[in-house]
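The values are calculated or read from the model by the stated rules, or taken from the named source; none is laboratory data. Since this is a predicted model, take the numbers as computed values, not measurements. Note that each Cβ is placed from the backbone with ideal geometry, even for glycine, and that neighbours are counted across all protein chains shown. Side chains are part of the model used for accessible areas, which takes the heavy atoms of the whole protein and leaves out ligands, DNA and RNA. Shrake-Rupley method; radii C 1.70, N 1.55, O 1.52, S 1.80 Å.
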Amino acid sequence: METTTLSCPLLPLARPSVRRVALACIQCRSRKVKCDATTPFCKRCQVDGKLCGYLKSRRGGRPRRSKPQWDQLSILVNEAPSSGTSTQRDDVLSATSHNISTFGGLSTDSSSQTCSDAGSRLDAFALDGSRNTIDQSDELLTQYYTFFHTAHPCVLPRWSLQIRRSSNPSSLDPLLPVLLYIGSIFTPSIPSTPLEITALQSLDSARARGTPSPFFIQALVLYSIAVYWCDQTERALVLLDEAIQGAFELGMHKAEFGLQYGEGNPILEESWRRTWWMIYVTEAHVSGSTHTFPTKTGQVQTNTELPCEEYQYESGSIPNPLKLESYNVREFSDAEFSSFAHLVGLTQGLNRILSTRRRHDSEHAKLLCANVDTCVTAWCSLLHKSKRKLLKDDGSVDELLFKANTLIFTYIVDLHRELSTLKYSPIEAVSKCAPPAPPENSHTIKEDTQMHTSKVLFAIEKLNGLLTLPTRLATHTPFIICMIANMTIAHLSACRYVFQEPKLSLEREKIRLNMGVLKMLGEYWPLGERTYGELGIIAREILSLGDEEVHVSQKTPPLADFLDIDFDVDCAFDMSDLSSNSMGGGPVEIAMGSDACGAVGWEVNR
């Protein structure tokens, strides 16, 4: 059947009218998708959660790009090996600070040309560069917020950071390169060293400008955490000390600081409160890992308000902040405090008690144990019902309460072991995380030794159970590495001196879990890898393992394939229906009561 086409040679073919948009944002232009050109943020970028920005027209004065330095950085980022020896890495880092001047106690490079406004130039390079570079920046920020932010939530929520990155990018100069560097730690396809060099140069540029900005302090404390767990302890301590001194200089420990530097933005004010308390908690973690109390931040009077709930911070709906004074009389009120506030309160109590610790005084050790037991039991008993579960309604783990729980059980193991039957071995000194051994006369103390042993075993079981919670292990704070190490060393002693078959085999399985977690975390944090090796040496000695019994394969499958996974809570197990038993398990709900061991007055149920 023939078809007939009708046409009118006298009239042009009708074409639908097309609204041509002369302006398109950088993201849409690079992705070659349609942009509605809405300013300051197009609708497509808002929906996709992308950073939205527009290049200024050259007719309006945008200079033609000149980026020889950034071309070199691009080559480094795309062609540098994904891993290298620590010696090579140290050589590169030391090359960025060979001539020394000081600001706040940290060495800086004042002779060589630094990357002034490095954060803005990172953006400029991404905007003028290839689509791959823009995507890499987004990927690194995603990795930072996914793996690091949840356990250290002081940076602006991502959507708020993106708005500031478009409206006032220069203010983020010292911070953004640090976030990208930390994100690269969790991104094996992108080498970290070039990004760390950029972060160092950005910090040096910020120091050269004089008085530190709050964003500079924020960058310092986050970078110090990464440096510490990259097995550069001394450098990390200097960075953290600089962050503390800078925070004191700015007055971040005072309530009026948020109003002074908050720009009338409640979200930014909340970020500053969180930054101070993150410094406070981080110093306590470092002091616990290095066994050095008291802390500097714990010795000053502070009236900075407490952080709000995480969902409030992420949504931007910031309530009137609660005060630390209110938290310290919470037993007389019905006020509900955030998970971050509870972590701060627990840290404050532990700081106060541990600052009096005397390492070679067995009698004082008894008093210390009693005081810590009282502190943590009171803390648990006063938790609101909603805070007695580590799993949120969406199935994710409350990382701040997770951190608080690990602190509790770690210090129970540390303090009570000194008075228990779990003997110390000289080989334990191999571990950088292990506390100093108590005096020899502590082993002759017979009074209440079984009670102290029971408390240690109780805490080991519960701390071990935390590691079975349905979450990706890499999202936990790296400070759990030393906590796991100390628990495992005490657990090894229990396997040597306490447990017998068939219980012994079950406890050895838990040690395998601990070692597996350390090995996985060691894939991201070099100090975790080192700790894993140190515990292997300790275990061989304590358990009397011969070399022929320990065979290390040259090729082992990545633990992330079977440890770093997302569990389906409904399919894996119903957490609420399981009760505590001798097999241990994840401490999801904290309920007051007594336990069979006669340990401190709380019980953790799965």
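Just a few scattered comments:
- With the convex hull of the Cα atoms taken as the outline of segment 143-208, the averaged projected area works out to 4.7 nm².
- J(HN,Hα) series, segment 267-284, from Karplus relation 6.51 cos²θ - 1.76 cosθ + 1.60, nearest Hz, glycine and proline x: 5, 5, 4, 5, 4, 5, 4, 5, 5, 4, 5, 5, 4, 4, 5, 5, 4, 5
- Under the shape rule built on the C-alpha gyration tensor, where the axes satisfy a ≥ b ≥ c, segment 311-381 is prolate, since a/c reaches at least 1.5 and a/b is greater than b/c.
- A straight line joining the Cα centroids of segment 397-425 and segment 132-200 runs 33 Å.
- Extension reserve of the ARG512-GLU447 stretch, reckoned as 0.36 nm per residue once the Cα distance is removed: 20.1 nm
- Peptides 254-263, 483-492, ordered by how many other C-beta atoms sit within 10 Å of their residues on average, highest first, read 483-492, 254-263.
- Using the Cβ-Cβ distance between ASP48 and ILE537 with R0 = 41 Å, the FRET efficiency computed as 1/(1 + (r/R0)^6) comes to roughly 0.25.
- Highest average packing first - 384-391, 368-375, 215-222, 265-272, Cβ atoms within 10 Å: 215-222, 265-272, 368-375, 384-391
- Using θ = phi - 60° in the Karplus curve 6.51 cos²θ - 1.76 cosθ + 1.60, the 3J(HN,Hα) couplings for segment 314-326 round to 5, 7, x, 8, 8, x, 4, x, 8, 9, 4, 4, 5 Hz; x is entered for Gly and Pro.
- Additional length obtainable on full extension of the chain from LEU504 to PHE332, 0.36 nm per residue less Cα span: 57.4 nm
- Shape of segment 412-536, Cα gyration tensor, a/c cut at 1.5: prolate
- Sorting the segments 320-329, 349-358 by their mean number of nearby beta carbons within 10 angstrom, highest to lowest, gives 349-358, 320-329.
- For THR302 and ASP135, a Förster radius of 41 Å and the Cβ-Cβ distance give a FRET efficiency of 0.50, rounded to the nearest 0.05.
- Protein accessible area in segment 462-549, 1.4 Å probe - carbon and sulfur %: 49 percent
- Residues of segment 388-415 with an amide N closer than 19 Å to a point placed 7 Å from the Cα of ARG357 along the Cα-to-Cβ direction: 403-415.
- Estimated FRET transfer efficiency (SER315, THR377; beta-carbon r; R0 56 Å; 0.05): 0.95
- Extension gain from ASN168 to ASP394, taking 0.36 nm per residue of separation minus the Cα-Cα distance: 77.9 nm
- Heavy-atom surface analysis with a 1.4 Å probe gives segment 235-364 a carbon and sulfur content of 49 percent of its accessible area.
- For segment 223-371: rounded, prolate or oblate by the Cα gyration tensor [a/c cutoff 1.5]: oblate
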